[in-house]
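One structure is given below, encoded as structure tokens.
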Amino acid sequence: MNFRHPVLIIGMFLIPMLVVLIPIVLGQLHGIRRKKKEVNMEPGSVGTVVATTFALLAFMLAFTFQIVSNRYDKRKELLLEEVTNIRTTYLRSGLLPEPYRSENKKLLVEYIDLRAELAKDVSKSEFSMLRSREILDSLWTCAEELAAQDRSSEVYAMFTGSVNDLVDNFNQRVTMTFEYRIPAAVTWALLIITFFSMLTLGYHFGISGKGSYKINLLISVIFAMVMFLIFALDRPETGLARLSQKPVISLHKQLHDEYIKDSNQ
């Protein structure tokens, strides 16, 4: 599997880890100093604050994960819709007169070629999007020409509808993959709540004498892994949380077999 944006990927893990580790250590050091000054200090009230802040942190994590999880499910749905739309458009192209039939089938085979190549190597996404738009424009131009010839034709109307669905699906997939992100306000709120939650936890460790640097590191790594999963789902272009491309690969083989068969007739 090819991963893009290695610096981004490292930052997706390292930044959440530091956001947890640094405040825990600072809070623990401050708690140790306070404990030395006030020997009889009770950690009970601080424990209540820690429980409250962690409850809020858990809510924010669940809320953020729900956002990226819903988008992941939507991308999966759009992938299946795209496979269906490509197949339908190819079949309806067979109802068109020449030379539109051959030209459109050739374009659709190239379109699925691009999708299959992208499934194997996400680094080709920019070229794939550019060429896909050109193919969709060509298909729509053909639909316009057919409509100009006979606006009452049901066959032409069916083909136009299929092309329209294909264009809509492409635009939705690009938007879901490359444009929609976790809102910045949610990300900042999550990081700030995390910082102060871990600060209070570290302080509690310090005054109670129960914490250790190994535990601090373990908590930091665990939290960083959760945040890493959230960011991976939020940024599918990194190649870390990709959808299964088996439907695309299957359709790619199917259309190629049919295209070769049609060409030999």
Just to confirm the number: angle between the C-alpha axis of helix 6-37 and the first principal axis of the chain, 0 to 90 degrees, nearest 10? 10
Among the lysines, select those whose C-alpha is under 28 Å from the C-alpha of Lys210, and discard any that sit fewer than 8 residues away in the same chain. Lys35, Lys36, Lys37
Compute a Gaussian network model of the chain, connecting alpha carbons closer than 10 Å, and tell me which residue from Thr89, Thr64, Thr175 fluctuates the most. Thr175
Expected field for Val7, accessible surface area in Å² at 1.4 Å probe radius, rounded to 10, holds 120
Semi-axis lengths, Å, the chain, gyration tensor of Cα atoms, sqrt of 5 times eigenvalues: 57, 17, 12
Find which of Phe63, Ile193, Leu118 sits farthest along the positive direction of the dipole of the chain, computed with +1 on the beta-carbon of Lys and Arg, -1 on that of Asp and Glu, about the Cα centre. Ile193
If you fit an axis through the alpha-carbon atoms of helix 246-264 and take the longest principal axis of the Cα set of the chain, what angle between them do you get, 0 to 90°, nearest 10? 10
For the chain, what does the accessible surface come to per residue with a 1.4 Å probe? Please give it in Å². 54
Need one number: the % of Cα-Cα pairs in region 64-107 sitting beyond the 11 Å mark. 68
Helix 184-208: angle to the longest alpha-carbon principal axis of the chain, degrees 0 to 90, nearest 10? 30
Cα-based Rg / Dmax (Å) for region 144-197: 22.1, 68
How do Asp234, Asp73 stack up against each other in accessible area, from largest to smallest, with a 1.4 angstrom probe? Asp73, Asp234
Computed helical MRE - 222 nm, the chain, DSSP H runs ≥ 4 contributing -39500 (n - 2.57), nearest 500: -29000 deg cm²/dmol
State which entries of Lys120/Lys253; Lys76/Lys106; Lys76/Lys105; Lys76/Lys120; Lys76/Lys261 exceed 21 angstrom in Cα-Cα distance in the structure shown. Lys76/Lys106; Lys76/Lys105; Lys76/Lys261
Taking a quarter of the surface of the convex hull around the Cα atoms of region 1-115, what do you get in nm²? 11.4
Percent carbon-and-sulfur accessible area, the chain, ignoring ligands, DNA and RNA, probe 1.4 Å: 64
For region 186-261, report the translational diffusion coefficient in µm²/s to the nearest whole number, using Stokes-Einstein at 4 °C, 1.567 mPa s, and a Kirkwood Rh over Cα pairs. 79
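The values are calculated or read from the model by the stated rules, or taken from the named source; none is laboratory data. None of these values were measured; they are calculated from a predicted model. Neighbour counts run over all protein chains shown; Cβ positions are idealised from the backbone, glycine included. Keep in mind that these areas ignore ligands, DNA and RNA; they rest on the heavy atoms of the full protein, side chains included. Shrake-Rupley method; radii C 1.70, N 1.55, O 1.52, S 1.80 Å.
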